[in-house]
Amino acid sequence: MSDREIEELANDYIGDYPKYANTYFFTKTISEVLLKTYAKDLKVGIVRLPFMGGAYKEPIPGWFDSLQTTNAMLVCVATGTLRTVAIEPDTKPDYLPIDCCTNALITVAWHMSCGPKEESLQVFNVTPKPSEVPTVQEAHVVAAQLGRQYPSIRQLLPPASPMKSKPGKVTFYIHTFITMFIAYCVDFTLLMSGKKAFFARLCRKINQGTAEITVLLHKTRIYSDVVNIKNVFASISQEERDIFYCDPAAIQWRQLLTDMWFRVRRTLLKEPDSNLAEAITRMKRLNSMYRTLRFAFGMAIVLAALNYLL
């Protein structure tokens with residue numbers, strides 16, 4: 001189709017609820033419809049997975065191999081480079097460690113191959129209950145604590161204090177300016193050292209991604225049926241459940257975030273645990289410098305306002 005035809009089709013199907021939220025959701029739906037239509041003679045199980053993050057246990061605790069939205073947010077919050085995002089603090093993301101998702105796929109494949117042939121394909125929603133995952137604000141508290149207790153030697157700013165409510169427009173724009181200013185400074189340093197600039201693009205992607213997540217979780221919330229996936233895990237032995245673990249309620253979320261952060265320090269930032277004392281000392285200096293800058297910035301605004309009024 002031409003670009004114009006594609007755009008017209010997109011306007012028909014993608015937008016505010018009850019339309020599809022984005023092209024990703026739309027194309028996933030098309031693939032499920034195709035399977036339901038043409039795979040009637042096969043045992044087919046569709047597994048709908050949530051957002052995936054660092055590993056809980058395997059191959060090692062905290063493992064991940066790319067800076068996707070959830071992992072990137074942890075890194076940016078802990079290093080102080082992400083100051084705010086436009087997201088409701090009580091948002092509870094659909095989120096599971098990547099090894100839990102893999103275990104769900106393996107278990108469903110076993111169930112479909114060993115069980116009786118169903119009249120139609122089965123859909124398994126691997127979705128944690130809201131009570132089984134932390135809120136964005138709770139995760140932010142842990143990430144900020146990690147950034148202060150086990151800082152990076154490359155820390156640019158102290159982690160931002162978690163907000164108890166969605167930031168107002170003025171606060172959001174000020175913090176966004178600080179975030180992007182830091183991002184462009186980092187990119188400039190990378191370019192000067194002969195490396196590829198990526199930080200500003202990453203920060204923009206995080207803000208855009210969290211805005212989409214907020215819309216999906218607060219305006220188009222769809223409660224998925226998770227009975228069948230729980231029945232599958234109930235049908236296997238306790239030993240098998242221990243091997244192919246996929247229970248969100250059993251995950252120690254604080255420990256998971258801690259493992260992910262140390263994974264970042266050791267592999268992404270190439271920092272040994274032995275530099276923690278030096279990094280903590282540097283963090284104390286950053287705290288003092290940041291408080292001084294905030295005071296100077298506040299005084300500058302007050303003086304400018306007084307000068308304008310007088």
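Read-outs throughout are calculated quantities, based only on the coordinates presented, and are distinct from any laboratory measurement. Owing to the predicted nature of the structure, the values given are computational and were not obtained by experimental measurement. Don't worry about glycine lacking a Cβ; one is built from the backbone with ideal geometry, like all the others, and counts go over all protein chains shown.
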(request) Grab the beta carbon distance between Glu239 and Ile14, set R0 = 35 Å, and tell me the FRET efficiency rounded to 0.05. (result) 0.15
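List the longest stretch of the chain that has no exposed loop site; here a site is one of the GluC sites (Glu not before Pro) assigned by DSSP to anything other than H, G, I, E or B, with at most 11 other Cβ within 10 Å.
Between exposed loop sites, the widest span is 120-310.
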(request) Between beta-carbons, use under 15 Å as the cut-off and find the net charge around Cys100, counting Lys and Arg +1, Asp and Glu -1. (result) -3
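Taking the number of other C-beta atoms within 10 Å as the exposure measure, put His175, His111, His140 in order starting with the fewest. List each step's numbers first, then the result.
On the way: His175 17, His111 20, His140 24.
Ranking His175, His111, His140 by Cβ neighbours within 10 Å, fewest first, gives His175, His111, His140.
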(request) Taking a cut-off of 26 Å between Cα atoms, list the lysines near Lys230, but don't count ones fewer than 8 places away on the same chain. (result) Lys28, Lys36, Lys40, Lys43, Lys57, Lys92, Lys117, Lys129
(message) On a straight-distance basis, which aspartates and glutamates could pair with Lys169 in a cross-link, Cα separation under 14 angstrom, same-chain partners fewer than 8 positions away excluded?
(response) Glu88
(message) Per DSSP helix of 4 or more residues, -39500 (n - 2.57); summed, then divided by the residues of the chain. What does that give at 222 nm, rounded to the nearest 500?
(response) -18000 deg cm²/dmol
(message) If you take mean projected area of the Cα convex hull in nm² from the coordinates, which of [x] 22.1; [y] 16.8; [z] 17.6 do you get?
(response) [x]
(request) Treat each spin label as a single point 7 Å out from the Cα along the C-beta direction, and report the Thr292 to Thr37 distance in nm. (result) 6.7 nm
(request) Taking the chain as the reference, fit the longest principal axis to its C-alpha atoms, fit the long axis of helix 3-13 to the helix C-alpha atoms, and give the angle between the two in degrees, 0 to 90, nearest 10. (result) 80 degrees
(request) Starting at the first residue of the stretch 294-303, write each ³J(HN,Hα) from the Karplus equation 6.51 cos²θ - 1.76 cosθ + 1.60 with θ = phi - 60°, in whole Hz, x for Gly and Pro. (result) 4, 5, 5, 5, x, 5, 4, 5, 4, 5
